[in-house]
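Following: one structure in structure tokens, then a few remarks.
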Amino acid sequence: MPVDRRLPDAVLFDLGNTLVQYYSRAEFPALLEESIGQVQRCLAKHGLPVIPSELLWPRVRAEDCESADHRVRPMEERLARIFLPDAAQPHPLMPQMCRAFMEPIFGRSRPYADTLPTLRVLGSMGLSLAIVSNTAWGSPASLWREELHRFGLDALVNAAVFCRDVGWRKPAPQVFEHALHGLGASAERCLFVGDDPRWDLAGARAVGMKALLIRRSGEQSEDQALRNLDELMVQLQSECHER
């Protein structure tokens, strides 16, 4: 189907709490405790000693932050400093440790009911689609690509860019520019949809993209927010009719 030039050439989406439900900021501390416990069990299974809580949790708290300049702090390095500070790096168990950390997070995830239908319709309209996402604790992009495949999202988008692919987290411009380059699209002809004003709105707008906020919870915000992707489709159709 030919693309209506009044529509954007491409729509880029955040992943967590935009297309797929994961966790809220308030829920993360409890989830982090589960994830750390999973890594402890993984190491114990392979005969490594359990780290006492009085040593473990100060290390965890020290790693539970992101870089002020938005550079990625890889999960492998964080887990090594917490659990294996004296071991040779890279440790052969590290892939299993990363997977263990992510199990509680992936175990609660589910796409929103409007996600797959919206992507299918936008794709049928000839628009290019992409996912641009940070990852929890700088976790490996390969694990998140497995998530996309599990939900069938990989087949519905033209590109998926995670912070680990670029070495920078949103709102750093490098992440958005990497995605635009992969799509062969210009920023002014693209729309970004995400749930975080700091990372998604500010980052996308800084490189010249139009950006819309989505608040699945219905929470009020300074920006007029979408409540779901059905409202996105209504807005796109309305803009077409007005122009």
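A155 to C65: extension gain in nm, 0.36 nm per residue of separation minus the Cα-Cα distance?
29.1 nm
Need one number: the % of Cα-Cα pairs in the stretch 28-107 sitting beyond the 19 Å mark.
In whole percent, the long-distance tail amounts to 33.
Given 0.36 nm per residue, what is the gain on full extension from D86 to V234 after removing their alpha carbon distance, in nm?
Full extension of this stretch gives 47.7 nm more.
Can you tell which of S24, S133, S35 shows the greatest fluctuation in a Gaussian network model of the chain with Cα springs below 10 Å?
Looking only at S24, S133, S35, the largest GNM fluctuation is found for S24.
Would you mind telling me the antiparallel percentage of the DSSP bridges in the chain, rounded to 5?
15 percent
Round to the nearest 10 and give me the degree value, 0 to 90, for the angle of helix 53-63's Cα axis relative to the longest principal axis of the chain.
Compared with the principal axis, the helix lies near 30 degrees.
Run lengths n ≥ 4 of DSSP H only: what is the helix-derived mean residue ellipticity at 222 nm for the chain, with -39500 (n - 2.57) per run over all residues, to the nearest 500?
-13000 deg cm²/dmol
When the chain is modelled as a GNM with alpha-carbon springs shorter than 10 Å, which of P140, P92, P173 fluctuates the most?
In the Gaussian network model the winner is P92.
Using only C-alpha atoms and all pairs of different ones, pull out the Kirkwood radius for the chain in Å with one decimal.
Answer for the chain: a Kirkwood hydrodynamic radius of 19.1 Å.
For E27 and R227, what is the calculated FRET efficiency with R₀ set at 22 Å and r taken between the beta-carbons, to the nearest 0.05?
E between E27 and R227, to the nearest 0.05, is 0.65.
Note down the relative contact order for the stretch 43-122 as a percent, whole number, built from C-alpha pairs under 8 angstrom at least six residues apart.
Averaging sequence separation for qualifying contacts and normalising by length gives 23 percent for the stretch 43-122.
Between L56 and R110, what's the calculated FRET efficiency when r is the beta-carbon distance and R0 is 35 Å? Round to 0.05.
After rounding, the FRET efficiency stands at 0.70.
If I take the Cα coordinates of the stretch 1-69 and project them onto the principal axes, what are the three extents in Å, biggest first?
61, 29, 22
Take the eigenvalues of the Cα gyration tensor for the stretch 61-125, scale each by 5, and report the square roots as semi-axes in whole Å, largest first.
34, 16, 12
Could you pull the Cα extents of the stretch 171-229 along its three principal axes, largest to smallest, in whole Å?
Principal extents (Cα only, largest first): 34, 20, 14 Å.
Mind pulling the angle between the C-alpha long axis of helix 28-45 and the longest principal axis of the chain? Nearest 10 degrees, somewhere in 0 to 90.
In the chain, helix 28-45 runs at an angle near 50 degrees to the longest axis.
Taking the Cα centre of the chain as origin and charging only Cβ (+1 Lys, Arg; -1 Asp, Glu), how large is the dipole, in debye to the nearest 20?
300 debye
Given Cα pairs under 8 Å that are at least 6 residues apart, what percent is the relative contact order of the chain?
Dividing the mean separation by the residue count of the chain yields 26 percent.
Could you work out how far apart the two model spin labels at Q96 and E177 are, taking each label as a point 7 Å from the Cα in the direction of the beta carbon, and quote it in nm?
The two pseudo-label positions are separated by 4.1 nm.
Where a number appears in this text, it was derived from the coordinates with a stated rule and is not lab data. Here the structure is a predicted model, which means the values were calculated and not measured. Reconstructed Cβ throughout: ideal geometry from the backbone, glycine too, with neighbour counts over all protein chains shown.
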